[in-house]
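A.B. asks: Here you go, one structure.
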Amino acid sequence: MLDDQTCVVTGASRGIGKGIAEEFGKHGADVVVNYRSSESEAYAVVDAIEASGGSAITCQGNVADYDDVDAMCEQVHDTFGSVDVLVNNAGITIDKKFVNMTREDWKRVMEINLGGVFNCTHCLFDDLLKAENGRLINISSVVGQQGNYGQANYATTKSGLFGFTRTLALEMARSSSTANCVAPGFVRTDMLDKVPEHVQERIIERIPLNRFAEVADVTGIVRFLASPESRYMTGQILAVNGGMEW
Ligand code: NAP
């Protein structure tokens, strides 16, 4: 379904990004596995994609650094040509009650979770506009919809993606390219592992489906958004959160 599509997934060495990259690879895409520091994990993702018959490259780069992203795009163009699908997935948390949050905690999360989205989208925007099935997919969070104790910086970035996605959807529409957002609930990855056990127990009580998401609960939805089948959906937020209200 993604044959001949070049798909860039940021933060694809681990967690949700790894799952998305492998899902894209299984469905015929040429996949760019971006990572910042987990080199061996990123190469393992490429190996998994190649083992499933797909093609992929790793691309090291800090999404918060415009020059890194620019160099990454050059590498992608040299290898695969123009990009069809960009998944802005890379993200971090620095959780603290607001009273203890420093400007540095605020800035670091902004620079990666929102600055990274600007940098990658800006560098690949022309590609997405000229692609036959240009797709911008931003990974937000239920926390952007509901807020969350101790996550003022993170929640702000994830809400920010809603405005960004809706605006880009309007600016991309003339080229028949789309922009959508996926807002997962709590997903079993390293990011969730950092949440203390007793807090995890309280979160599960708020999830009607009574469990955390697995990465595979999210990846099929992202693949659908990347595929030509989603061509008439744009500016949407897809909540994938086990029924959590917001
Ligand atoms: P994760 O397991 O912590 O993985 C984060 C990934 O992002 C890693 O591959 C990491 O690469 C990469 N990354 C971090 N900073 C980067 C940077 N500056 N430049 C390039 N890559 C960078 O996180 P996850 O749980 O999979 O989360 C992925 C996305 O889903 C995030 O945007 C997160 O906000 C969102 N999300 C997660 C959950 C959840 O419960 N897990 C729920 C909703 C939304 P390196 O290891 O190489 O640094």
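Just so you know, all these numbers are worked out from the coordinates, no wet-lab data involved. All values derive from a computational prediction rather than experimental measurement. For neighbour counting, all protein chains shown are included, and Cβ atoms are generated from backbone atoms with ideal geometry for every residue, glycine included.
A.B. asks: Which translational diffusion coefficient, to the nearest whole µm²/s, is obtained for the stretch 1-118 from the Stokes-Einstein equation, given a Kirkwood hydrodynamic radius over C-alpha pairs, 20 °C and 1.002 mPa s?
C.D. replies: Numbers: Rh = 14.6 Å.
Result for D is 147 µm²/s.
A.B. asks: A further question follows. Pairs of lysines 8 or more apart, or on different chains, with alpha carbons under 28 Å: count those in the chain, would you?
C.D. replies: So the count of such lysine pairs works out to 17.
A.B. asks: I need the chymotrypsin sites (Phe, Trp or Tyr not before Pro) found in the stretch 197-237, filtered to DSSP loop residues with at most 14 other beta carbons within 10 Å of theirs. Walk me through the numbers before you get to the answer.
C.D. replies: Values: sites: Phe212, Phe224, Tyr232; in loops: Phe212, Tyr232.
Those satisfying the criteria are Tyr232.
A.B. asks: In addition: Before rounding to the nearest 500, sum -39500 (n - 2.57) across all DSSP H runs of length at least 4 in the chain and divide by the residue total; then give [θ] at 222 nm in deg cm²/dmol. Walk me through the intermediate numbers first.
C.D. replies: Numbers: 10 runs with 113 residues, N = 246.
Using -39500 (n - 2.57) per qualifying helix, the result is -14000 deg cm²/dmol.
A.B. asks: Enumerate the amide H contacts of Ala56 below 5 Å, restricted to partners 5 or more residues apart or on another chain; note that Pro and chain-start residues carry no placed amide H.
C.D. replies: Amide H neighbours of Ala56: Val31.
A.B. asks: Quote to one decimal, in nm, the extra length available between Gln75 and Phe224 on full extension: 0.36 nm per residue of separation minus the C-alpha distance between them. Display every interim value, and only then the final one.
C.D. replies: Values: separation 149, 0.36 × 149 = 53.64 nm, distance 2.65 nm.
Between Gln75 and Phe224, full extension yields 51.0 nm more.
A.B. asks: Multiplying the sequence separation of His122 and Arg202 by 0.36 nm and subtracting their Cα-Cα distance, what value in nm do you get? Walk me through the numbers before you get to the answer.
C.D. replies: Values: separation 80, 0.36 × 80 = 28.80 nm, distance 3.89 nm.
Taking 0.36 nm per residue and subtracting the Cα distance, the gain is 24.9 nm.
A.B. asks: Give the relative contact order (percent, whole number) for the chain; include only Cα pairs under 8 Å separated by 6+ residues.
C.D. replies: Numbers: 513 pairs, mean separation 46.0, N = 246.
Computed value for the chain: 19 percent relative contact order.
A.B. asks: Hey, what's the Cα Rg ratio for the stretch 140-246 versus the globular rule of thumb, 2.2 N^0.38 Å? Please report the intermediate quantities before stating the final value.
C.D. replies: Working: Rg = 14.9 Å, N = 107, 2.2 N^0.38 = 13.0 Å.
Its radius of gyration relative to the 2.2 N^0.38 Å reference: 1.15.
A.B. asks: Now, a different point. Given bins 10 angstrom wide, list per bin the percent of all Cα-Cα distances in the chain, short to long.
C.D. replies: Over the chain, the share of Cα pairs per 10 Å bin runs 8, 34, 38, 17, 3, 0 percent.
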